[in-house]
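Single-structure report; data block below.
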Amino acid sequence: MFSIAKVAVLLLQFFVLSVFGQTYFDIPVSYVTPKIQKPAANEITTWNASICSNAQERYNGMTAVVNFNLPLNLDWNPIQGVVYANVSNSTSLSPVLCRNHDGSTMKNSCTFTYETAMGPNIYISIQAGNEGHVWYSTGITFVESGLPSSQHARLNPRQENEIHEMATRLENQKAVDAQSLFPVARLQNPGIVHTGDAVYYTFTICPSSETGTRFTIEIVVVGVEPDDAFSSYVCKAKPCASDNSNVIMSDVSDSSLNALTISYDQIRPTGTVYVLIVGFGGKEENQFNLGAVVRIFA
């Protein structure tokens, strides 16, 4: 429990933060498959990441990392089945921005530098291998620096023929009936807020052909340690402070887990969310992870 003097100091510090300068840390949004995919052998599926118009400039010059995860084949053993993928910004799937195969090896990611001129749509065309039971998920993340390591699967001559065949089929595909990837926002590393201080984050999520405008955004702030504690506020505009009309949802439980749910209608038309996190833990520094996911109305 806080003493009256301590509470007074916290309120004063929070008031100062709510009135004076606010620095908002921008969280790049990732786009992911909504669930594990279980395609038939040789089946091709094209996915579309639709980047919000007011986020394209933010991602300009950043590295786009496209990951391919095989939960039944963690080592990417070609005999157990892999996926072949091309990434493009055009419905013709040409030019290819990156691919996860080079004729003799496979890898679980590929990268390219995103430029605003590429437009809002990134298409990922994925073909399952000849083997059955190829389950996968995929996603695209924008990062400033630091790339994930790739798991390479070196192919034998027979499988090199297969990769050539698969690559040829992918090159002849069009982005017809592309399925939407779902946007998620999360900190790439834990955040820190001092007790009595506040930190500010922002991210942008907009509708896709899959979600329409009937969706909610579930935002969770969770402490790294049991004695990390917070109160959190979600705002539709700046400034974001506990006592103004921009607040659309709050969790003032002063606990290690804050959960907040808003609808897209509350952040129209920009789709931009502002999150204020106030430290209320039992120590000087409070560490936390922040994540947000989209849920379509039933």
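The values are calculated or read from the model by the stated rules, or taken from the named source; none is laboratory data. Only a predicted model underlies this, so the values are computations on that prediction, with no experimental measurement involved. Heads up, the Cβs are rebuilt from the backbone with ideal geometry, glycines too, and the neighbour counts pull from every protein chain shown. These accessible areas exclude ligands, DNA and RNA; they are computed on the full protein's heavy atoms, side chains included. Shrake-Rupley method; radii C 1.70, N 1.55, O 1.52, S 1.80 Å.
Only one of these is over 14 Å from the mean Cα position of the chain (by Cα), of a type in the set (A, V, I, L, M) and modelled with pLDDT of 65 or more: 175, 167, 185, 198. Name it.
Sole residue among the options that is over 14 Å from the mean Cα position of the chain (by Cα), of a type in the set (A, V, I, L, M) and modelled with pLDDT of 65 or more: 198.
For region 268-288, does any single residue satisfy the condition of being open to solvent by 50 Å² or more (accessible area, probe 1.4 Å) and part of a strand (DSSP E or B)?
Yes, the conditions are met somewhere in region 268-288.
Here's a check for you: in region 81-120, which residue that is in contact with a His (Cβ under 8 Å, 6 or more places away or on another chain), farther than 22 Å from residue 144 by Cα and not in a strand (DSSP E or B) is modelled with the highest pLDDT?
81
Report every pair of residues separated by at least 6 positions or lying on different chains whose Cβ atoms are under 7 Å apart, first residue within region 31-46 and outside any strand (DSSP E or B), second among the polar types (S, T, N, Q) and open to solvent by 50 Å² or more (accessible area, probe 1.4 Å).
Short answer, once both residue conditions are applied: 41/130; 42/130.
Within region 214-226, identify whether any single residue is open to solvent by less than 20 Å² (accessible area, probe 1.4 Å), farther than 15 Å from residue 250 by Cα and in a loop (DSSP other than H, G, I, E, B), and answer yes or no.
So far as region 214-226 goes, no, none of its residues is open to solvent by less than 20 Å² (accessible area, probe 1.4 Å), farther than 15 Å from residue 250 by Cα and in a loop (DSSP other than H, G, I, E, B).
Out of all the residues in region 74-88, which are open to solvent by 40 Å² or more (accessible area, probe 1.4 Å) and in contact with a helix residue (DSSP H, G or I) (Cβ under 9 Å, 6 or more places away or on another chain)?
79
Can you find a residue that is within 17 Å of residue 183 (Cα to Cα) and within 20 Å of the chain's Cα centre (by Cα) anywhere in region 230-252?
no
Kindly indicate whether residue 59 is among the aromatic types (Phe, Trp, Tyr) and either in contact with an Asp or Glu (Cβ under 6 Å, 6 or more places away or on another chain) or modelled with pLDDT under 95 (or both).
yes
Among the candidates 229, 241, which residue alone is out of contact with any Leu (no Cβ under 6 Å at 6 or more places or on another chain) and modelled with pLDDT of 95 or more?
229
Report the residue count in region 243-267 for those that are more than 19 Å from residue 215 (Cα to Cα), without any contact (Cβ under 8 Å) to a residue 60 or more places away in the chain and open to solvent by 60 Å² or more (accessible area, probe 1.4 Å).
5
Output the number of the condition that residue 91 fails; it satisfies all remaining conditions of (1) open to solvent by less than 60 Å² (accessible area, probe 1.4 Å); (2) in contact with a strand residue (DSSP E or B) (Cβ under 8 Å, 6 or more places away or on another chain).
(1)
Tell me which residues, restricted to region 48-62, are open to solvent by less than 60 Å² (accessible area, probe 1.4 Å) and either in contact with a Phe, Trp or Tyr (Cβ under 7 Å, 6 or more places away or on another chain) or in a loop (DSSP other than H, G, I, E, B) (or both).
Result: 48, 49, 51, 52, 59, 61, 62.
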